[in-house]
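Engineer: Take this structure first; my questions come after.
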Amino acid sequence: MAKKPAKKPANASKSAAYHHGDLKRELVAAGRRVLEESGVEGLSLRGVAREAGVSQAAPYHHFADKDALLAAIAAEGFAGLSAEMAKRSSGAKNSGAHMGGLGAGYIVFAFENPELFRLMHGPRFAVAEKYDDLLVIASESFTMLRDGVAACLPGASDADIDTACTAAWSLVHGASMLIVDKRIEAGSTVEEIAAFADTLTSQLPVSRPR
């Protein structure tokens, strides 16, 4: 009687992928899952390794410590934030609507990724020289905001644009934190949050014709 072929382990495809250089990406993905479930303080390299189904030593091949992994997670978060802002502002009919889309993207991202949002905007990565790559990615969303404000305020001075950026960012970031901290009821679905964001950003001075 012919022997039945041995069953492949459930994580065989994962193991094969790891050998092809995907381990770092999988660790970041596992880290995001642990982060959203347990917060920054509840995340450890050992726990992330367990979530990813690899040995406890495996993360150290790619990350020197917990902060290095968190920086990689935050960088992916900022890339996702910029993508959401770009998606929701794409195709806007005027500069005010474009600003509204940017704000909606910001708030929706925070709603969908609360612990990641906290990590991205927390004090952990304040040492610029240690996290240069992260700060470059993080600056992309602010550049999008500044460009949007400048389009709403043609001929404005740099100082006026900077002030308007601060006002716009304060509004959407403050609203995002209130939602993340469950201090306000803005909705329970992405559609409801987006509608709330649209109403909120319509109050921005730069969203109205001058």
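Engineer: Taking the convex hull of the Cα atoms, report for the stretch 90-208 its projected area averaged over all directions, in nm².
Structural biologist: If you wrap the Cα atoms of the stretch 90-208 in a convex hull and average its projections, you get 8.0 nm².
Engineer: Give the accessible surface of the stretch 73-210 per residue, rounded to a whole number of Å², with probe radius 1.4 Å and ligands, DNA and RNA excluded.
Structural biologist: I get 52 Å² per residue for this part.
Engineer: Tally Lys/Arg at +1 and Asp/Glu at -1 over every other residue whose Cβ is under 11 Å from the Cβ of Leu116; what's the total?
Structural biologist: Local charge sum for Leu116: -1.
Engineer: Note down the magnitude of the dipole of the stretch 100-210 about its Cα centre, charges +1 on Lys and Arg C-beta and -1 on Asp and Glu C-beta and zero elsewhere, to the nearest 20 debye.
Structural biologist: Computed about the Cα centre, the dipole is about 260 debye.
Engineer: Using the charge dipole of the stretch 92-210 (Lys, Arg: +1 at Cβ; Asp, Glu: -1 at Cβ; taken about the Cα centre), state which of Leu200, Pro123, Leu178 has its Cα farthest towards the positive end.
Structural biologist: Leu200
Engineer: Can you pick out the pairs among Lys66/Lys87; Lys24/Lys66; Lys24/Lys182 whose Cα atoms lie more than 23 Å from each other?
Structural biologist: Lys66/Lys87; Lys24/Lys182
Engineer: Rounded, prolate or oblate, given the Cα gyration tensor of the stretch 139-188, with a/c below 1.5 counting as rounded?
Structural biologist: Cα axes put the stretch 139-188 in the prolate bin.
Engineer: Explain nothing, just compute: Karplus ³J(HN,Hα) = 6.51 cos²θ - 1.76 cosθ + 1.60, θ = phi - 60°, for every residue of the stretch 50-56 in order, whole Hz, x for Gly and Pro.
Structural biologist: 5, 4, 7, x, 10, 5, 5
Engineer: On the accessible surface of the stretch 100-210, probed at 1.4 Å, how many percent belong to carbon and sulfur atoms?
Structural biologist: Roughly 56 percent, rounded to a whole number.
Engineer: For the stretch 25-173, with only Lys/Arg (+1) and Asp/Glu (-1) charged at the beta-carbon, what is the dipole magnitude about the Cα centre, in debye rounded to 20?
Structural biologist: Approximately 340 debye in magnitude.
The values are calculated or read from the model by the stated rules, or taken from the named source; none is laboratory data. This one's a predicted model, so the numbers in the text were calculated from it and none came from an experiment. No Cβ is skipped: glycine too gets one built from the backbone with ideal geometry, and neighbour counts run over all protein chains shown. Only protein heavy atoms, including side chains, enter the accessible area calculation; ligands, DNA and RNA are left aside. Shrake-Rupley method; radii C 1.70, N 1.55, O 1.52, S 1.80 Å.
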